[in-house]
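The values are calculated or read from the model by the stated rules, or taken from the named source; none is laboratory data. Only a predicted model underlies this, so the values are computations on that prediction, with no experimental measurement involved. Methodologically, a virtual Cβ is constructed for each residue, glycine included, from the backbone with ideal geometry; neighbour enumeration extends over all protein chains shown.
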Amino acid sequence: MGRKKRSTPEINAGSMADIAFLLLIFFLVTTTMDVDKGLMVKLAPWTDEPPPEDNKIKEKNIFVVLVNSNDQLLVEDDYLSIDQLREAAKDFIDNNGDGSCPECNGIRSLASSDNPQKAIISLQNDRGTSYQMFVKVRNEILGAYSELRNNLSERKFGKAFITLNDEDRSEVVSVYPQFISEAEPVSIGK
């Protein structure tokens, strides 16, 4: 009696690739991806024209806000808390040092900004500044512009800025244009 050689049974792996492909599609379709939302910042439109050469800005028209790696504010060479920033920014923007803004209610200091059209807020952060502090500082600056626009809207039109039609809104924005310069983060210090 001769022994028959037993052959090892083989597993049919022909459909394994199909199964793996179907599982991959299943997981891709059913998985939700969290999308990080950043700050909505509208950048200036690109232009091929060179800037005018007489584009000199007086230092008194620049409101310098520095945030160090310890999340401390240095505003115009004075330490301020985040709670004081909005009022300081409003005072700077609304100053009306040259008297050319009839709608402005500022104190008309000759050492501060000439008028809202020339007022620039320069924001610079340290590389170690926390994201939360960056957002808080930016919100306070934007809040200063928002309050000034809303106050003018209430005085001039008797209603809130957000309820104005496009024509009236652009009139208010022309009085208080928003000029914020955000410089690249550097190591300011501790």
Whether any residue in the stretch 168-188 is in contact (Cβ under 8 Å) with a residue 60 or more places away in the chain and either touching a His at 6+ places or on another chain (Cβ under 7 Å) or among the aromatic types (F, W, Y) (or both) is what I want to check. yes
Checking P45 against (1) loosely packed, with under 14 Cβ neighbours inside 10 Å; (2) in contact with a strand residue (DSSP E or B) (Cβ under 7 Å, 6 or more places away or on another chain); (3) not polar (S, T, N, Q), which test does it fail? (2)
For the stretch 76-103, pairs from a residue that is more than 16 Å from L123 (Cβ to Cβ) to a residue that is part of a helix (DSSP H, G or I), with Cβ under 6 Å and 6 or more apart or across chains, are D94/L148; E103/L152; E103/V175
When residues of the stretch 1-54 are limited to those that are under 39 Å from the mean Cα position of the chain (by Cα), assigned to a loop (DSSP other than H, G, I, E, B) and β-branched (V, I, T), the one farthest from N139 (Cα to Cα): T31
Taking the stretch 134-179 and keeping only residues that are farther than 22 Å from D91 by Cα and either surrounded by 18 or more Cβ atoms within 10 Å (Cβ to Cβ) or in contact with a Lys or Arg (Cβ under 7 Å, 6 or more places away or on another chain) (or both), one is left with L164
Is the stretch 93-103 home to any residue that is more than 20 Å from D77 (Cα to Cα), in contact with a Cys (Cβ under 7 Å, 6 or more places away or on another chain) and modelled with pLDDT under 90? yes
N96 vs. criteria within 30 Å of A111 (Cβ to Cβ) and of a type in the set (S, T, N, Q): yes
Mind counting the residues in the stretch 100-132 that are outside any strand (DSSP E or B) and over 18 Å from E59 (Cα atoms)? 14
Show the residue pairs that are 6+ apart or on different chains and have beta-carbon atoms under 6 Å apart, the first residue being within the stretch 129-142 and under 14 Å from V75 (Cα atoms), the second being part of a helix (DSSP H, G or I). E140/L85; E140/R86; I141/A89
Any residue at all in the stretch 55-69 that's of a type in the set (S, T, N, Q) and under 25 Å from Q132 (Cβ atoms)? yes
Answer yes or no: is there a residue in the stretch 101-122 that is surrounded by fewer than 18 Cβ atoms within 10 Å (Cβ to Cβ) and closer than 17 Å to I82 by Cα. yes
Residue list for the stretch 70-99, filter: crowded, with 17+ Cβ neighbours inside 10 Å and assigned to a loop (DSSP other than H, G, I, E, B): D71, Q72, D94, N95, N96, G97
